[in-house]
């Protein structure tokens, strides 16, 4: 049996022909339009037209125009959970959480232009910013559950996952304004947090000795 190509193929009955990579074309068209004229000002009809497809095809792939921006969240979460599961036994909970968000960063880094454009679109829209925060909270919850599965107790599991989210958010902002590698910036930012924690601990010990 001859296998189909890995390229996503979608059939649009209205157009009467096979459309290669319809999902990708719709996502690209949507992001370009959002960036050019604003998310709220862009219609599904415009997205479909720019992609050379129909509105029916759009709704076959996406529930609404917001979903174009958040497509792939499940796959990103799965990569993070694999990173948690594969972390060495000797790793601390914070190191494991950092590895999870580094895995997410590596995936995002594969298409930096899209990631930066997507960020610009989301940053310009309050509703989308709220949705992005919900997505990050959902990822933190998933990492927390995965840490618990490894035997990490509470509140350590939650604290480590939330620290990972905080580091990721700061690192992402730094990355958007730079030309560096997102994974390296996440790792560096986590190191900055660790240094600050260590400094605070030593400062507290010094105060205790004086008193």
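Computed from the coordinates by the stated procedures, all read-outs in this text should not be read as laboratory data. Computed from a prediction, not measured in an experiment: that's the story for all the values here. Because the Cβ atoms are built from the backbone with ideal geometry, glycine has one as well, and the counts that use them run over all protein chains shown.
When only alpha carbons are used to place a centre, the range 84-108 and the range 129-160 end up 12 Å from one another.
Put simply, the convex hull of the Cα atoms in the range 72-210 casts, on average, a shadow of 9.8 nm². Cβ crowding within 10 Å, taken as a proxy for footprinting-reagent exposure, orders 186, 108, 47 from fewest neighbours to most as 108, 47, 186.
Taking other C-beta atoms within 10 angstrom as a stand-in for reagent exposure, 57, 92, 179 fall in the order 179, 92, 57, fewest first.
When Rg and the Kirkwood Rh are both derived from Cα coordinates, the Rg/Rh ratio for the range 69-115 amounts to 1.04. For 121, 68, 143, the sequence from fewest to most other C-beta atoms within 10 Å is 121, 68, 143. Annotation: for a label point projected 7 angstrom from Cα along Cα→Cβ of residue 50, residues of the range 95-128 with backbone N closer than 17 Å are 113-125.
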